[in-house]
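Visitor: A single structure is presented below for examination.
The values are calculated or read from the model by the stated rules, or taken from the named source; none is laboratory data. What you see is a predicted model; the values in this text were computed from it and never measured. Glycine gets a Cβ as well: all are built from the backbone with ideal geometry, and neighbour counts include every protein chain shown. Note: areas computed on protein heavy atoms with side chains; ligands, DNA, RNA excluded. Shrake-Rupley method; radii C 1.70, N 1.55, O 1.52, S 1.80 Å.
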Amino acid sequence: MAIYNLYIFDRHCACIFFTSWNRRALPGIAIDGANGGDPASAAAVAAAAGGTGSPGGHAQGGMVGSYGGDISLEEEAKLVYGVVFSLRNLVKKLSGKSDGFISYRTNVYRLHYYETASGLKFVMNTDPGVENLSEAIRMIYSQIYVEYITKNPLVTFDAPITNELFRNNLNNFVKNLPGFER
Amino acid sequence: MTIYSVFIINKAGGLIYNKEFAEGLAKLSTNEYLVLAGTFHGVHAITSRISPVPNSTGIEMLQADTFKLHCFQTATGTKFLLAADPNHQNVDAALRRVYEVYADYVMKNPFYTPEMPIRAELFDMGLQRLIKQLNSV
């Protein structure tokens, strides 16, 4: 199973964190943007270093979000949020209770969604074979986000996450998930 | 193993058919179904866009707590949605058979205008028969 990327949205609909693994970077696009946490500067880094990107390269150790899309990260995050928001409402209308939407699948990827009571939304894309990642995402929230962000007195809420410890622990956790391919 | 409802959306995103076969989804007004169909049509288009891997189709299966929604898009852009209970296996085969019923009683009907709401009694009957057979398995 391959895990492609992870988005975290706060309750004000802003993307506060994005990272990706296993993403085949396109030649000519910046690799290894040092700001995996902040979508705006990741896009700026991608634009600036676009001409010198190494073809077929991959972010070092898969640690930082190597963004190789054809639209900016900010735009894509807005689209992802829009999709997730619309599907949540659709499921709420059809099933009559909220918190119903769990995941969706296309022929090449599967999107898993987890929302906390405080309005924090976790969106994770994996390959279509992965059945149920809710538990894993719940653990990411309770054991990594709560530990390193919520309990951190120096972190301001609703701001992009730039905490190294959070990123490192997240990478270790995801890499240790059963069957994660590099 | 029950199929709750069937929806058919034309290539512009308009709902041209919806029918409930079993209890399971909330009861909504026709207007609300129209809005949901339009929303789904838009979301389907965007999901192929935001894919982390190139060349993705749109949503094929949406999983929720109480139901699973499967979508089959034909080469002409018509989408068939089937809402079934979460444990239902083999909904893809069911979708193909719904498509067959559609091809026989709607497309081959000389009085049917494509992309318009479906008002064919034989289609209703054929679909009812098919879903009844699938639900009783």
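Visitor: Residue by residue through A:101-114, how many Cβ atoms from other chains fall within 10 Å of the Cβ on average? Please report the intermediate quantities before stating the final value.
Guide: Numbers: counts 4, 6, 4, 13, 8, 13, 9, 8, 6, 3, 6, 1, 1, 0.
That works out to 6 on average.
Visitor: Packing-wise, with mean Cβ within 10 Å as the measure, how do A:149-161, B:61-73 rank, highest first? Before the final figure, lay out the partial values.
Guide: Numbers: A:149-161: 12.2, B:61-73: 20.0.
Put in order of decreasing packing, that is B:61-73, A:149-161.
Visitor: How many angstrom lie between the Cα centre of the range B:88-125 and the Cα centre of the range B:6-32?
Guide: So the separation of the two Cα centres works out to 14 Å.
Visitor: Can I ask one more? Largest first and to the nearest Å, give the Cα extent of the range A:67-182 along each principal axis.
Guide: On the principal axes, the range A:67-182 reaches 41, 32, 31 Å in Cα extent.
Visitor: Sticking with this structure for a sec: Accessible area per residue of the range B:17-64 at 1.4 Å probe, in Å²?
Guide: Values: 2130 Å² over 48 residues.
Here the per-residue accessible area is 44 Å².
Visitor: Oh, and also: For the interface of B with A, what's the total buried accessible surface in square angstrom, probe 1.4 angstrom, rounded to the nearest hundred?
Guide: Values: alone 8220 and 9460 Å², together 14760 Å².
So the total buried area for this chain pair works out to about 2900 Å².
Visitor: Averaging sequence separations of C-alpha pairs under 8 Å and six or more residues apart, then dividing by the length of the range A:101-149, give the relative contact order as a whole percent.
Guide: Values: 53 pairs, mean separation 14.4, N = 49.
With pairs under 8 Å counted, the relative contact order is 29 percent.
Visitor: If you average the sequence gap of Cα pairs under 8 Å that are 6 or more apart and divide by the length of the range B:66-137, what percent do you get for the contact order?
Guide: Details: 56 pairs, mean separation 15.8, N = 72.
Normalised by residue count, the contact order of the range B:66-137 is 22 percent.
Visitor: For the ranges A:167-176, B:7-16, what's the packing order if you count other beta-carbon atoms within 10 Å of each residue, average per peptide, and put the highest first? Please report the intermediate quantities before stating the final value.
Guide: Details: A:167-176: 15.6, B:7-16: 18.3.
Sorting A:167-176, B:7-16 by mean packing, highest first, produces B:7-16, A:167-176.
Visitor: In debye to the nearest 20, how big a dipole does the range B:55-128 give about its Cα centre with +1 on each Lys and Arg Cβ and -1 on each Asp and Glu Cβ? Numbers along the way, then the final one.
Guide: On the way: 6 positive and 9 negative charges, 27 e Å.
Result for the range B:55-128 is approximately 120 debye, rounded to the nearest 20.
Visitor: Can you give the average number of partner chain beta-carbon atoms within 10 Å of each beta-carbon in peptide B:23-35, as a whole number?
Guide: Numbers: counts 0, 2, 4, 6, 1, 3, 0, 0, 0, 2, 2, 0, 3.
If you average over the peptide's residues, the count of other-chain Cβ atoms is 2.
Visitor: Another question about this same structure. Pick out which of B:117, B:52, B:86 has the largest mean-square fluctuation in a Gaussian network model of chain B, springs linking Cα atoms closer than 10 Å.
Guide: Result for chain B, Cα springs under 10 Å: B:52 fluctuates most.
Visitor: Something else: So what does residue A:1 come to for accessible area, using a 1.4 Å probe and Å² rounded to 10?
Guide: That residue has around 60 Å² of solvent-accessible surface.
Visitor: Starting from the residue with the highest accessible area, list B:20, A:131 in decreasing order, probe 1.4 Å.
Guide: On the way: B:20 65, A:131 120 Å².
Descending order: A:131, B:20.
Visitor: Taking beta carbons within 10 Å but only from partner chains, what does the mean come to for residues A:80-89?
Guide: Working: counts 4, 1, 4, 9, 2, 1, 6, 8, 1, 3.
The per-residue average across the peptide is 4.
Visitor: Using unit Cβ charges (K, R positive; D, E negative) and no other charged atoms, how large, in debye to the nearest 20, is the dipole of the range A:82-182 about its Cα centre? The partial results should precede the final answer.
Guide: Details: 12 positive and 9 negative charges, 57 e Å.
Its charge dipole is roughly 280 debye.
Visitor: Can you show me the helix-derived [θ] at 222 nm for chain B, built from DSSP H runs with n ≥ 4 at -39,500 (n - 2.57) apiece and divided by the number of residues, rounded to the nearest 500.
Guide: Working: 3 runs with 47 residues, N = 137.
My calculation for chain B gives -11500 deg cm²/dmol from helical runs alone.
Visitor: Ignoring ligands, DNA and RNA, what percent of the 1.4 Å accessible area of the range B:1-90 is carbon and sulfur? Let's see the in-between values first.
Guide: Working: 1890 of 3600 Å².
Roughly 52 percent of what the probe reaches on the range B:1-90 is carbon or sulfur.
Visitor: For the range B:1-95, build the charge dipole from Cβ charges (+1 Lys, Arg; -1 Asp, Glu) around the Cα centre, then report which of B:64, B:9, B:86 sits farthest towards its positive end.
Guide: Checking the options against the dipole of the range B:1-95, the answer is B:9.
Visitor: Quick check: convex hull over the Cα atoms of the range B:43-137, volume per residue in Å³, rounded to an integer?
Guide: About 124 Å³ per residue, rounded to a whole number.
Visitor: Using Cα positions and a limit of under 15 Å, work out the aspartates and glutamates in reach of residue B:68, with same-chain residues fewer than 8 apart set aside.
Guide: Residue B:68 reaches A:99, A:131, B:20, B:23, B:60, B:85, B:92.
Visitor: Provide the solvent-accessible area of residue B:76, counting protein heavy atoms only and rolling a 1.4 Å probe, rounded to the nearest 10 Å².
Guide: 90 Å²
Visitor: Right, next: Using a Cα-Cα cut-off of under 14 Å, which aspartates and glutamates could be cross-linked to residue B:19, ignoring same-chain neighbours fewer than 8 residues away?
Guide: Correct list for residue B:19: B:32, B:121, B:124.
Visitor: As an exercise, identify the GluC sites (Glu not before Pro) in the range B:95-137 lying in DSSP coil whose Cβ has no more than 16 other Cβ atoms within 10 Å. Intermediate values should be presented prior to the final figure.
Guide: Values: sites: B:100, B:115, B:121; in loops: B:115.
Those satisfying the criteria are B:115.
Visitor: Still on this model: List the trypsin sites (Lys or Arg not before Pro) within the range A:74-145 that DSSP assigns to loop and that have no more than 16 neighbouring Cβ atoms inside 10 Å. All intermediate terms of the calculation are to be shown ahead of the outcome.
Guide: Working: sites: A:78, A:88, A:92, A:93, A:97, A:105, A:110, A:121, A:138; in loops: A:97.
Passing sites in the range A:74-145 are A:97.
Visitor: Tell me the relative contact order for chain B as a rounded percent, counting alpha carbon contacts under 8 Å between residues six or more apart. Write down the numbers at each step before the final one.
Guide: Values: 195 pairs, mean separation 38.1, N = 137.
Once divided by the residue count of chain B, the mean separation gives 28 percent.
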